[in-house]
Amino acid sequence: MYWIGGSPCSGKSRIADLFANRHALRIYHWDEAFNEHQKRITPLEQPTIYKLLRMTWDEMWMRPVDVLLREAILAYGEQFEMALQDLLALPKSPPILAEGTALLPSCVSPLLGSPRQAIWIVPTEAFQRERYPLRGEWVQQILKQCERPDEALQNWMDRDAAYARWISRETERLDLKLLCVDGTRTIAETAAIAATHLRLGAPERDFE
């Protein structure tokens, strides 16, 4: 079992897919699983997610950044418990790689046989702000639903940057591996570094 966590815009999903092709791993993408998880959410068992799903995008992003960060961490913790049920139900072969923003270090750490089974990847704040608008039309569709889209985007980016800093502190506290990306490496080079830590052992050219 392998884990790739971190904050948005760090290349986690692309790296996981590279690993799937190179190492025949079963990939569990947290974001994709969430669509199914929504059908099981209850106000009693997942109160934070339940509340957030009932907000408009304007209500979501026009709140203080410290509130956005706190509720994101709570929601990720609630989602982790749901995803863990999925992972336990999967066949043990081929090996599984779970990838997603909701992989909180404090949740993953007790499940590790070795620290080399997990890595967290975060972008620098400058790289995150540069790349996020390029992630697709869905970003603009969300902002169009906000009365003050520029302020909403600022809060959104501030929340994600704060989450990256929080992940950095948590991985240091738990003595877990953190990798920071700033755009100076290719996705293949970053994947090679992650593969070395996870002992998947493939040189960079194998990811091209």
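The values are calculated or read from the model by the stated rules, or taken from the named source; none is laboratory data. Because the structure is a prediction, the values reported are computed rather than measured. For neighbour counting, all protein chains shown are included, and Cβ atoms are generated from backbone atoms with ideal geometry for every residue, glycine included.
Remark: pairs (first residue in the stretch 175-194, closer than 22 Å to Ser109 by Cβ and without any contact (Cβ under 8 Å) to a residue 40 or more places away in the chain; second residue of a type outside the set (Gly, Ala, Ser) and in a loop (DSSP other than H, G, I, E, B); Cβ separation under 9 Å; 6+ apart in sequence or on different chains) = Ile193/Arg185.
With respect to the conditions (1) within 18 Å of the chain's Cα centre (by Cα); (2) farther than 26 Å from Val65 by Cα, Thr196 falls short on a single one, namely (1).
Scanning the stretch 11-38 for residues that are part of a loop (DSSP other than H, G, I, E, B) and in contact with a helix residue (DSSP H, G or I) (Cβ under 8 Å, 6 or more places away or on another chain) gives Gly11, Leu25. Of the helices (runs of 4 or more DSSP H) lying entirely inside the stretch 39-150, those containing at least 1 residues that are β-branched (Val, Ile, Thr) are 47-53, 65-89, 105-108, 137-143.
Of the numbered criteria (1) surrounded by fewer than 14 Cβ atoms within 10 Å (Cβ to Cβ); (2) in contact with a Cys (Cβ under 6 Å, 6 or more places away or on another chain); (3) not charged (D, E, K, R), the one Val122 fails is (1). Restricting attention to the stretch 104-145, the residues being at pLDDT below 95 and within 15 Å of the chain's Cα centre (by Cα) number 3.
Going by the conditions given, is Arg165 surrounded by fewer than 17 Cβ atoms within 10 Å (Cβ to Cβ), out of contact with any helix residue (DSSP H, G or I) (no Cβ under 8 Å at 6 or more places or on another chain) and either assigned to a strand (DSSP E or B) or modelled with pLDDT of 95 or more (or both)? Yes, satisfied.
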